[in-house]
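S.K.: Okay, handing you the structure first.
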Amino acid sequence: MVKKRTALTEKISLNGLTYSAVFNIGDTKMSNPQSRGIAVQKEGASFQGDDGVFFDKYELFHQKANWPKPAVSMHKNTCHHNDTIRVNRVDMTGVSQAGVFQVGSIDQVFSEARIKHMRKYLND
Amino acid sequence: MNMEVHNWGLEVDNVAVGTVTASSVFLIGDNDAFVLSSFYDTPPEATAIGTIVPLSG
């Protein structure tokens with residue numbers, strides 16, 4: 001494993017962190033965030049606890065992800081001439097749905113998100 | 001296959017990002033491997049008509 005550089009940031013502004021999102025300062029070996037969600041946009045202000053919307057009912061949540069084949073093994077030689085990555089300021093509105101925002105090295109990330117939007121109209 | 005990488009230096013001033021979402025990564029640092037998958041389904045394909053009982057009157 002190649003030696004990782006130090007990440008140095010002066011100022012970070014982050015507004016929101018939601019739905020299996022990660023914001024990390026420091027080094028990580030592995031991250032495996034997963035998120036699934038259904039956003040229902042509905043006509044008319046009629047809301048009940050149960051809208052009859054379930055993950056199992058939709059094909060999107062059953063389909064197999066098209067993961068790439070494992071990479072061909074190769075020999076890589078990395079030479080860090082400066083061991084610090086500097087970023088002055090980061091302004092971010094939000095991190096959501098299995099997203100990752102990290103300051104520091106990270107070996108591996110396997111993440112998966114499934115989001116379904118739908119609109120429900122009233123009958124005329 | 002052989003590959004040689006030289007990281008001479010990396011200095012960035014200001015970064016402004018809207019949102020990092022649906023299995024995306026914003027990283028300040030080094031990494032080895034990322035495998036990210038995202039499924040997204042949105043109207044008009046996802047439009048459902050006539051499944052809601054209208055309010056009376």
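S.K.: So, restricting to strands (runs of 3 or more DSSP E) that lie completely within the range A:7-124, which ones have at least 1 residues that are among the charged types (D, E, K, R)?
M.R.: The qualifying strands (runs of 3 or more DSSP E) are A:28-31, A:34-42, A:75-80, A:84-95, A:106-121.
S.K.: Looking only at the range A:59-77, decide whether some residue is within 26 Å of residue B:26 (Cβ to Cβ), at the interface with chain B (Cβ under 8 Å from one of its Cβ atoms), among the hydrophobic types (A, V, I, L, M, F, W, C) and touching a residue at least 60 places away in the same chain (Cβ under 8 Å).
M.R.: Taking every residue of the range A:59-77 in turn, none turns out to be within 26 Å of residue B:26 (Cβ to Cβ), at the interface with chain B (Cβ under 8 Å from one of its Cβ atoms), among the hydrophobic types (A, V, I, L, M, F, W, C) and touching a residue at least 60 places away in the same chain (Cβ under 8 Å).
S.K.: Are any residues in the range A:1-50 hydroxyl-bearing (Ser, Thr, Tyr) and at the interface with another protein chain (Cβ under 8 Å from one of its Cβ atoms), and if so, which ones?
M.R.: Listed by number, the residues that qualify are A:9, A:35, A:46.
S.K.: Turning to a different aspect of this structure: Looking at residue B:28, is it modelled with pLDDT of 95 or more and touching a Leu at 6+ places or on another chain (Cβ under 9 Å)?
M.R.: So residue B:28 fits the description; yes.
The values are calculated or read from the model by the stated rules, or taken from the named source; none is laboratory data. Values in this document were obtained by computation on a predicted structure and should not be read as measured data. So basically every Cβ, Gly included, is an ideal-geometry build from the backbone, and we count neighbours across all protein chains shown.
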